[in-house]
1. Checking the structure you have, find out if any residue of the stretch 43-64 is under 12 Å from the mean Cα position of the chain (by Cα), surrounded by 14 or more Cβ atoms within 10 Å (Cβ to Cβ) and farther than 28 Å from F110 by Cβ.
2. For A113, which of the numbered conditions (1) in contact (Cβ under 8 Å) with a residue 40 or more places away in the chain; (2) exposed (fewer than 14 other Cβ atoms within 10 Å of the Cβ); (3) of a type in the set (G, A, S) fails to hold?
3. How many of the residues in the stretch 55-108 are within 18 Å of R40 (Cα to Cα) and without any contact (Cβ under 8 Å) to a residue 12 or more places away in the chain?
4. Taking the conditions exactly as written (at pLDDT 95 or above and among the charged types (D, E, K, R)), does K70 satisfy them or not?
5. Only one of (1) touching a Phe, Trp or Tyr at 6+ places or on another chain (Cβ under 9 Å); (2) over 30 Å from K18 (Cβ atoms) fails for M102. Which number is that?
6. Starting from residues that are modelled with pLDDT under 90 and more than 22 Å from S3 (Cα to Cα), keep the ones in the stretch 84-97 and report whichever is surrounded by the most Cβ atoms within 10 Å (Cβ to Cβ).
7. When you check E138 against the structure, is it modelled with pLDDT under 95, farther than 14 Å from H10 by Cβ and either part of a helix (DSSP H, G or I) or not aromatic (F, W, Y) (or both), yes or no?
Amino acid sequence: MNSNFTLAIHSLTLLALKPDSMSSSKAIAESACVHPVRIRNVLSLLRKHGFIESKEGTGGGFIFTLNPAKVTLWDIYKATSEGALQPKCPEANEECIVGANMKNVLFSIFIGAEEHLGEYLKKYTIKDVVEFVNNEPEKY
């Protein structure tokens, strides 16, 4: 899993807490303690997938355009990290039983892991994350 996923959840949660106002990439970056360019890359990805809209200029920024109760963490994962669990196997010796089969074996295992992850992440929405942030629950 990459940090884009975490930063996307952070950004959407912050935007969901301010449904009627625009937030700048600088403000979001300050909240996440990352460089604004890093946040702008994630926001660009979120805009591309229709989660947010942006407006340039004075009073501009980013706004969450979807219902937070309808956006699951799986939706965000698919937009930011899909395939992140796929094995990154170097070239292997095709004459070795392990080398010839490792990539396919790991691919099968990791795809299964991603499917299980998806089922789990579908249980949580941005609205849930907002509620967790507001209530500071002991365990999620």
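The values are calculated or read from the model by the stated rules, or taken from the named source; none is laboratory data. What you see is a predicted model, and the numbers here were worked out from it, not measured in a lab. Cβ sites come from the backbone with ideal geometry, for glycine too, and all protein chains shown count toward neighbours.
1. The answer is yes; a qualifying residue exists.
2. (1)
3. Result for the stretch 55-108: 3.
4. On the way: at pLDDT 95 or above: yes; among the charged types (D, E, K, R): yes.
Considered against the rule, which asks whether it is at pLDDT 95 or above and among the charged types (D, E, K, R), K70 comes out as yes.
5. Result: M102 passes all but (1).
6. Looking only at the stretch 84-97, we keep the residues that are modelled with pLDDT under 90, and these are 84-95.
Now narrow it down to the ones that are more than 22 Å from S3 (Cα to Cα): 90-95.
Values: P90: 7, E91: 7, A92: 13, N93: 10, E94: 8, E95: 7.
Among those that are modelled with pLDDT under 90 and more than 22 Å from S3 (Cα to Cα), it is A92.
7. Working: modelled with pLDDT under 95: yes; farther than 14 Å from H10 by Cβ: yes; either part of a helix (DSSP H, G or I) or not aromatic (F, W, Y) (or both): yes.
Taking the combined requirement at face value, the residue satisfies it.
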